[in-house]
1. With the structure loaded, tell me whether ARG124 is in contact (Cβ under 8 Å) with a residue 24 or more places away in the chain and among the basic types (Lys, Arg) or whether it fails that test.
2. Kindly check whether there is at least one residue in the range 100-114 that is of a type in the set (Lys, Arg), free of Cβ contacts under 8 Å to residues at least 40 places away in the same chain and closer than 30 Å to GLY36 by Cα.
3. Would you check if there is a residue in the range 60-81 being of a type outside the set (Phe, Trp, Tyr) and at pLDDT 80 or above?
Amino acid sequence: MTAPLFRRCIVAAASVMLVGACGAAAAQYVWLDEKGTKQFSDRPPPSSVPANRILKQPGGAGIPPSSATVTSASSVHAQSAATRPDAEKTIAEKNADFRKRQLEREDKEKKLAEEAKLVSDKARNCERAHEYQRTLESGERISRKDKNGEHAFLTDEQRQRELGETRRILNECKS
């Protein structure tokens with residue numbers, strides 16, 4: 001008979017310990033963070049949270065929020081995200097910062113790609129101008145189609161004008 005009695009005592013002791021553990025697990029802390037948002041936890045708030053922002057703690061009555069707390073919470077909420085360190089930013093603010101940096105990086109890459117394309121286009125146009133200058137200076141006859149679709153050869157005067165324009169373009173290529 002002592003064995004069943006012993007088992008009952010162990011079960012009773014285990015039950016008491018389990019109930020005590022459940023009570024500790026139900027302990028809740030409630031406080032206002034730096035942005036005025038209520039935070040709930042089974043752990044005490046960080047030491048940076050002033051006592052007047054702790055609304056509820058285990059074993060003690062909740063501290064009712066005063067008008068000063070509400071005012072300070074709203075002023076903290078009004079504080080810009082840029083002035084708070086990263087450790088105090090919310091996930092949403094961190095995500096917004098990340099998206100902003102990502103867009104800035106994409107814009108920068110896009111501008112660099114456009115600049116590279118402009119440099120490439122300028123190099124190609126300069127090469128064409130060099131080829132045209134060689135053709136103009138060679139003395140070969142150059143023909144063009146007129147508005148009627150017939151071939152007309154460049155006169156010496158037209159050749160000199162084209163050569164002057166080509167040299168001007170090539171001067172821009174050097175810069």
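1. On the way: in contact (Cβ under 8 Å) with a residue 24 or more places away in the chain: no; among the basic types (Lys, Arg): yes.
Criteria not met by ARG124.
2. First, the residues of the range 100-114 that are of a type in the set (Lys, Arg): 100-101, 105, 108, 110-111.
The next check asks that each one be free of Cβ contacts under 8 Å to residues at least 40 places away in the same chain; those that pass are 100-101, 105, 108, 110-111.
In the following step, the residues that additionally are closer than 30 Å to GLY36 by Cα were identified as 100-101.
Scanning the range 100-114 turns up at least one residue that is of a type in the set (Lys, Arg), free of Cβ contacts under 8 Å to residues at least 40 places away in the same chain and closer than 30 Å to GLY36 by Cα.
3. Initially, the range 60-81 is screened for residues of a type outside the set (Phe, Trp, Tyr), giving 60-81.
Next cut, at pLDDT 80 or above only: none.
No; the residues of the range 60-81 include none that is of a type outside the set (Phe, Trp, Tyr) and at pLDDT 80 or above.
The values are calculated or read from the model by the stated rules, or taken from the named source; none is laboratory data. As the structure is a computational prediction, the values presented were derived from the model and not from experiment. Note: ideal-geometry Cβ built from the backbone for every residue, glycine included; neighbour counts use all protein chains shown.
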